[in-house]
Each structure stands twice: as structure tokens, then as C-alpha cells.
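Scroll down for the structure; my scribbles are underneath it.
The values are calculated or read from the model by the stated rules, or taken from the named source; none is laboratory data. Here the structure is a predicted model, which is why all the values come from computation and not from measurement. Cβ atoms come from the backbone with ideal geometry, glycine included; neighbour counts cover every protein chain shown. Note: areas computed on protein heavy atoms with side chains; ligands, DNA, RNA excluded. Shrake-Rupley method; radii C 1.70, N 1.55, O 1.52, S 1.80 Å.
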Amino acid sequence: MKYLLINIAGTLLRGFPMPSKTGLIKTGNPGRDAPVFLTCNFILTVERVKKALKGLDCFLLVANSKGINVWCASTGGYLTNHSVISVIKTCGIEKLVDHRNIILPQLSATGIEEKAIRQSTGWKIIWGPVYIKDIGDFMERKYEKTPQMSVVRFPLKQRIEMAIMWAFPFSFIVALLTFFFWPESMVPLVALTWVLPVLIFVAFPAYEKMLQGHTSEKFGRYSVIFDFSKIPVLLWITFLIIIIAYCVISGNFSWGFLLRWGFASLVIILLVSIDLMGSTPVYKSGLHEDRLLRVILEEEKCTGCTVCIQVCPRNCYTMDKNRHIVTILRANQCVQCGACIVACRFDALFFRNPDGKTISPDTIRKYKLNLMGKRYET
């Protein structure tokens, strides 16, 4: 029951921090050679990780991420080297195991440096799979990931969760406003704030390719305003057609009815889709300038260690076995998360902006992104 309630609350309030206790959790009957995992202290993540680890004798460290999920916290500077070092040194894990290997979620690589953790604690990071459901196969393969384990996706279940994340707070606001100013329409408007987000995210595969234009430099920082307008407009027109069809079939066509619901639906669609790209794990936020950056590889510095392959959530890299270096084979899939740049031990990777200026690895490690896409020191 607790797991169910946390999943419901965590999904409804996914856009807000929901911290759980930090520290050490034992699963099963772990011995001195038991694996050690680490996750953030977003309560929904903690509960899902605990459930996935059920049946496995292991230790789970919950690091302070200010109650934010792994990828957002790592990218935003809330799940950091300090978070990992602190929980390792304070939870007592070093007295419970003989090894010094800790398995971190792959998506935390944007904010955590393996070198810094090893220097401060002596622990070696092993980058686990993107999704905790793959942890069983990952362990059976002796910490080796398949390419599928390293790639983020946006399946139907996640899309529905994101729709709920948007719908719940909007429906609450709509209910309050209409209760005082338009009470007779409160129920249908609240229903609309749920139906439209679900339709927008469920239909995502149908218009996904239209989002790819936002990586262009045509309109610079503000290309989102110009390029993205066609998607909510198309969604709105589709909804209007449905409303008109309903009016015609029911025999109650009214211009007043059409104008009221047309305006209400347009507002909701615009609010939900204003940063649709940022609501997905497969695109950079359309409001962030970082979407225009390109990852550059200095081949002479590359040693072929493959850590970039291990942490890239979009499978952009491949190993050139003839030259013993990696190559960026699928640069068009990059989401500019910077995980590869942070993780590269030899600083062979960096960002380049459209003006040709470079952003060094040290800058990416030191400065993290806030919600508006601005980098700040952590």
C-alpha cells in the first residue's frame, strides 16, 4: 500500500521536489562482498529502486539530491560529487564491505566525476543501466551493459506519467478559478486539463520528427518561438475539429460554445507544450541555449577507454577498433547533456557553440544548468 501511495503522489507531484531520508538501506541479507548501489533521494525513485532490488542481497545508498530525480538533479547541480562523497563517508558502508565498488545510475554522470570520487574516498564508480528494471540482467552480465541498457527512451508509460505531471497542477488551478468565475464549467474544464495533456503525450510519436528542427540555428536562442508554434497549432486545430464534430452530431452547434472551448483548449495546449522538448528525455529543452551546442572530439587525446560510450544516454558513440579510439557516429541524436564531457578522464571532449567558441570540460564540470538553461557555479 505504501508503494502504491508513493507512486500516486510522486506521479501527481513529479514536477516538485519530494525528498526522502538519505543514508544506508539494506536489501535482503548482504554480506561483505555484496554489491553497493547509489540513488538520489527523490522518494518515488527510492521506492522504485527498492522494489527492483528486492530479492537481491545488496546495499543501497541514498544520496542527497534535494528531493529531485537523478537526471534533473545531476544536470542541475543537486546530485554532485559532494553528495556521493558525503553519503559514502557518513553511512558506515566502508565497515560493511571489503570491496570499494559503487554502482551509480548512468544518468547521474552529468554531475558526478569518477575521478573526484576515487580521489576523495577510494571508491570506484561503475555506471549502471539507465533503467533500474535492467539491473538484474546487468548483474548477471557481471556489470556489463548492453547498448539497449544505456539508452533513454520515451515509452507510453513514461509519456502518460509526464501528462499526469502537467495535468494535476493545472487542473487544480483551473478548478479554483472556475469555482469563483465560471462554476457551471468547472467539471468539464478540469476534465479538459486532463484529456489534452494525455492526448499530447500519447500522440508524441506522431509529431516527434517535427521537434528535430529545434536543434537548428536558424533563429538562434529564440527559434523555439518560431519553429515550435506549428505543433501546438496543429494540436489545437485537431481538437477544434473534434469539438465541431461533436456539435454537429449532437445538433447543438453554437459559435459561443465553440469560441469558449476553443480559447480554453488553446490556453491549455500552449501551457503544456511550451517546453514539450524539455518534458522528454530524448530532446534538449527548447528554452535552453545548450541545444545549439555540439560535442567535439579531439582524436589525439582519445585513448579509447570507452567511458563516453558507457555514459551516453543516446548511443551517440561507437568504438573504432582499427584506430582504437571512439567516434561520434550519431551526433544528431545528442541531447547535449554533457555526461561524456564530464566523464572523459583525458578531456578529449568539449562543447562548441554556433559562433565557434569552445566550452571547456572544466567549465561543464563546474557550472550546472538551472531550469532556464543558464549555467551557474556549484
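Round to the nearest 0.05 the FRET efficiency obtained for Leu266 and Lys209 when R0 = 22 Å and r is the Cβ-Cβ distance. Let's see the in-between values first.
Working: r = 24 Å, r/R0 = 1.07.
Given R0 = 22 Å and the Cβ-Cβ separation, E is 0.40.
Using a 1.4 Å probe, what is the accessible area per residue for segment 123-163, in Å²?
Working: 2140 Å² over 41 residues.
I get 52 Å² per residue for this part.
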>> Please enumerate, by chain and number, the aspartates and glutamates with C-alpha under 18 Å from the C-alpha of Lys95, excluding those fewer than 8 residues away in the same chain.
In response: Asp33, Asp57
> Using unit Cβ charges (K, R positive; D, E negative) and no other charged atoms, how large, in debye to the nearest 20, is the dipole of segment 289-378 about its Cα centre?
Replying inline: 220
>> What's the magnitude of the charge dipole for the chain around its Cα centre, counting Lys and Arg as +1 and Asp and Glu as -1 at the beta-carbon? Answer in Debye, nearest 20.
In response: 520
>> Give me the net charge for the shell around Lys124: Cβ to Cβ below 13 angstrom, other residues only, Lys and Arg +1, Asp and Glu -1.
In response: +2
> Considering amide H positions built from the backbone, and no H for Pro or chain starts, which residues 5 or more places from Leu79, or on another chain, come under 5 Å of its amide H?
Replying inline: Ser74
> Karplus couplings for segment 323-329 from phi (6.51 cos²θ - 1.76 cosθ + 1.60, θ = phi - 60°), rounded to Hz, Gly and Pro as x?
Replying inline: 9, 6, 9, 8, 10, 8, 7
>> How would segment 1-68 be classified by its alpha-carbon gyration tensor: rounded, prolate or oblate, with rounded meaning a/c under 1.5 and the a/b versus b/c comparison settling the rest?
In response: oblate
>> Give the separation of the Cα centroids, segment 319-340 to segment 158-210, in Å.
In response: 38
>> Skipping prolines and chain starts, which residues have an amide H placed within reach, meaning under 5 Å, of the one on Phe37, given they are 5 or more residues away or on another chain?
In response: Phe59, Leu60, Leu61, Ile103
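In deg cm²/dmol and to the nearest 500, what is the mean residue ellipticity at 222 nm of the chain if only DSSP H runs of at least 4 residues count, each as -39500 (n - 2.57), divided by the residue total? All intermediate terms of the calculation are to be shown ahead of the outcome.
Values: 15 runs with 161 residues, N = 378.
Result for the chain: -13000 deg cm²/dmol, rounded to the nearest 500.
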> If you plug each phi of segment 110-115 into the Karplus form 6.51 cos²θ - 1.76 cosθ + 1.60 with θ = phi - 60°, what whole-Hz ³J(HN,Hα) values come out, in order, with x for Gly and Pro?
Replying inline: 5, x, 10, 9, 4, 4
>> Heavy atoms of the protein only, probe of 1.4 Å, neighbouring chains included. What is the accessible area of Glu300 in Å², nearest 10?
In response: 150
>> Taking amide H atoms as placed 1.01 Å from N in the peptide plane, list the residues 5 or more away in sequence, or in a different chain, whose amide H sits under 5 Å from that of Ile325.
In response: Asp320
>> Quick check: residue separation of Glu161 and Leu176 times 0.36 nm, minus the Cα distance between them. What number comes out in nm?
In response: 3.1 nm
> What net charge is computed for the residues neighbouring Ile8, neighbours being all others with C-beta under 12 Å from the C-beta of Ile8, Lys and Arg scored +1, Asp and Glu -1?
Replying inline: 0
> Can you list the HN-Hα couplings for segment 247-253, worked out from phi with the Karplus curve (6.51, -1.76, 1.60; θ = phi - 60°), rounded to whole Hz and with x for Gly and Pro?
Replying inline: 4, 5, 5, 7, x, 10, 5
>> Going Cα to Cα from Lys89, which lysines come in below 21 Å? Please leave out same-chain ones fewer than 8 positions away.
In response: Lys21, Lys26, Lys66, Lys115, Lys124
> Mind checking which lysines have their C-alpha under 18 Å from Lys209, skipping anything on the same chain fewer than 8 residues away?
Replying inline: Lys218, Lys230, Lys284
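Measure off, as a whole percent, the carbon and sulfur share of the 1.4 Å-probe accessible area of the chain, all protein chains present. Present the calculation step by step, with values, prior to reporting the outcome.
Values: 11890 of 19190 Å².
The C+S portion of the solvent-accessible surface of the chain is 62 percent.
Past 21 Å, Cα to Cα, is the threshold; run Lys51/Lys133; Lys142/Lys301; Lys142/Lys368 against it and keep the listed order. Show your work: numbers first, answer last.
Numbers: Lys51/Lys133 10 Å; Lys142/Lys301 29 Å; Lys142/Lys368 33 Å.
Listed pairs above 21 Å: Lys142/Lys301; Lys142/Lys368.
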> Just how much of Glu299 is accessible, in Å², when a 1.4 Å probe is used and the result is rounded to the nearest 10?
Replying inline: 80
> How about the chain: what cysteines have no other cysteine beta carbon under 4.7 Å from their own?
Replying inline: Cys40, Cys58, Cys72, Cys91, Cys247, Cys302, Cys305, Cys312, Cys316, Cys334, Cys337, Cys344
> To the nearest 10 square angstrom, how much accessible area does Cys334 have with a 1.4 angstrom probe?
Replying inline: 40
